[in-house]
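Where a number appears in this text, it was derived from the coordinates with a stated rule and is not lab data. This structure is a prediction, so every number in the text was calculated from the model and none was measured. Because the Cβ atoms are built from the backbone with ideal geometry, glycine has one as well, and the counts that use them run over all protein chains shown.
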Amino acid sequence: MLRQGMPPVMRFRSRWLRQLGREFMWSNRLVRTRWLLVFLGIAGLGLQAELWFSDDGYRKTLKLRSAVAEQRELNESLRDRNAALDAEVVNLKQGRDAAEERARTDLGMIGKQETFYQVVPVADSSR
């Protein structure tokens with residue numbers, strides 16, 4: 001890239017200026033890249049702080065997880081109760097014995113061929 005009409009000092013200066021310009025451009029890119037990295041780091045820290053310390057962040061997630069666990073336990077107990085009630089309904093629909101037992105225990109009913117005896121405790125005469 002030597003120019004024919006330039007004196008040797010000018011050739012050196014122009015090479016030096018080109019090299020200096022390249023270095024300046026490279027350092028300018030580094031400065032811009034550094035500022036971009038600093039900005040992205042601050043933005044990332046801001047988002048992390050919001051995630052960890054805000055009311056809608058990680059704390060709410062923990063509360064919701066514990067609420068879901070409690071609800072699952074409640075659902076499991078209700079599922080067991082429903083299964084027992086279903087079994088009782090099937091038993092009442094299929095057999096007469098279960099209906100009679102239920103009538104005796106809950107309603108105090110007596111069958112046609114049965115005799116009811118009521119036992120009364122003896123009253124204390126010392127009263």
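Which of the GluC sites (Glu not before Pro) found in the stretch 22-127 are in a DSSP loop and have at most 10 neighbouring Cβ atoms, other than their own, within 10 Å? Write out the running numbers ahead of the final one.
Details: sites: GLU23, GLU50, GLU70, GLU73, GLU76, GLU88, GLU100, GLU101, GLU114; in loops: GLU114.
Sparse-neighbourhood loop GluC sites (Glu not before Pro): GLU114.
What is the sum of charges, Lys and Arg at +1 and Asp and Glu at -1, for the other residues whose Cβ falls under 14 Å from the Cβ of ALA67? With Lys, Arg at +1 and Asp, Glu at -1, the neighbours total +3.
For the stretch 55-109, the spread of Cα coordinates along the three principal axes comes to 61, 21, 10 Å, biggest extent given first.
Cβ crowding within 10 Å, taken as a proxy for footprinting-reagent exposure, orders LEU92, LEU62 from fewest neighbours to most as LEU62, LEU92.
Placing R0 at 35 angstrom, the Cβ-Cβ distance between LEU62 and LEU40 gives a FRET efficiency of 0.80 after rounding to 0.05.
Look at TYR58, TYR117 and count the other Cβ atoms within 10 Å of each Cβ; fewest to most, that gives TYR117, TYR58.
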